[in-house]
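The values are calculated or read from the model by the stated rules, or taken from the named source; none is laboratory data. These figures come from a predicted structure and were not determined experimentally. In this analysis, Cβ positions are derived from the backbone assuming ideal geometry, glycine residues included, and neighbour counts consider all displayed protein chains. Accessible surface areas use protein heavy atoms only, side chains included; no ligands, DNA or RNA. Shrake-Rupley method; radii C 1.70, N 1.55, O 1.52, S 1.80 Å.
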Amino acid sequence: MTAAHPAEQPPPIRELPRRATWFELFGDLVFVAAVGQATHRLGHHPDTLSVVSAAALFVPLWWTWVLYAVRANRADRDETAQRLIATAGLATVAGMAVCLGAVGHSHGADIGFVVSYVGARAGVGALYAWDLRHEPRLRRIMRAFVTGSGITGAIWLTATFALHGPARYIAWGVAMTAELALPLLAGRRLADSPSDAEHLRERFGLFTIIVLGETVLGFTNGIVKADTDPAAALTGAAAFALAAALWWSYFSGSGTRPGGHEEIAAGGRLMHIYVFGHLPVQLGLAVTGGAVGAAVAAPHDHLNAALSACVLGGTALFLTSTALVRASFTGVREQVVLVRLVTAAAVLCVLAAAPHLPVAATLAIPAALLSVSVVAEVPGHRRRLAVAPAPAA
């Protein structure tokens, strides 16, 4: 028997990049409902208090999603047992969604929200415990997570059952701040754990789509409520333009410098900046989205101060945050970073005139500024791609 000619050998099998699993996408659907409840709080009562409360409640919701997404990024094998444990955790996220709208107005809703939130964190801990069967490197991070979650969970529960009025929500804020600090305190435990940079980037992109979806849902519902009012159709068109511009801005500029994604996978400072930098990015989108729905359905010709601040301030927060996240990889003097910071300042300049502008103009102006920004960023994106290393053969 003669050996096959090298040219006749089959090509080597190349492993495909990891993508979000169907179960991860199912989990995102549960978070869609929860994000919707947070943005609806803002739209139903567009005043300063509703904006602050909706933004504050968005943080534990966002953090819950991050915990599940990062855990799956490190060790998910998409097995039946993992799906069952994660399904139990997602049930508690659904509980958060059910209670979220009445938090602050009902003691029962406060209890339900906190118990569901603590249960969701327990679900992440159970997943890490199961993952240890295949990935012993997670042992240190699991211990840190369980210890930290136990302490902060006790604060959440004690505040909910033992405190009343503002003291309860101040204690919640302390517990939430401590939880956000846990990854920073974990130090090398994070760097020693496995991670997939491209999968993580995809997951944050998908959550951004979820939050942007609330903008689309908001203005379509607003047009339906307004029935045949021609002004609502014009405002809806401006709202659609704003949603499209926000999408374009994020997904045209969400990349980092060549090799940056691998640095994210290694943990450490850039990993923290990338993950925590998305909190103001997605919070800005959520605030804008909630306000846009109320703006389209508004019976008045002008937006009140709270809605104007949400539309314009949310857009500026989004631009500033994406610019600073990018700057951590490219440097603050990079063209795209500077364009975004200037655009954010221009958007904020509209705030003074917003109460006197038609609703459609208040939405159309930031959409136009974002569109100009996207076009101005093109040379910077091309330069970044031009120096990117060629794909491995």
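Annotations for the structure displayed:
- Checking (i) 38; (ii) 18; (iii) 12 against the coordinates, the calculated percent of Cα pairs over 41 Å apart falls under label (ii).
- Label-point gap, in nm, between Ala352 and His105 - each point 7 angstrom along Cα→Cβ: 3.7
- Carbon plus sulfur fraction of accessible area for the chain, probe 1.4 Å, in percent: 69
- Å² of accessible area per residue within the chain, as computed with a 1.4 Å probe and no ligands counted: 46
- Overall Cα dimensions of the stretch 291-362 - principal axes, largest extent first, Å: 45, 20, 16
- FRET efficiency, Thr177 to Arg269 (Cβ-Cβ, R0 25 Å, nearest 0.05): 0.80
- Using the Cβ-Cβ distance between His381 and Arg137 with R0 set to 56 Å, the FRET efficiency from 1/(1 + (r/R0)^6) comes to roughly 0.95.
- Spin-label model, Thr80/Leu29: points 7 Å from Cα along the beta carbon direction are separated by 2.1 nm.
- Solvent exposure of Asp229, expressed as accessible area, is near 70 Å², computed with a probe of 1.4 Å over the protein chains only.
- The label-point distance for Leu279 and Ile155, in a model that sets each label 7 Å from Cα toward Cβ, rounds to 1.2 nm.
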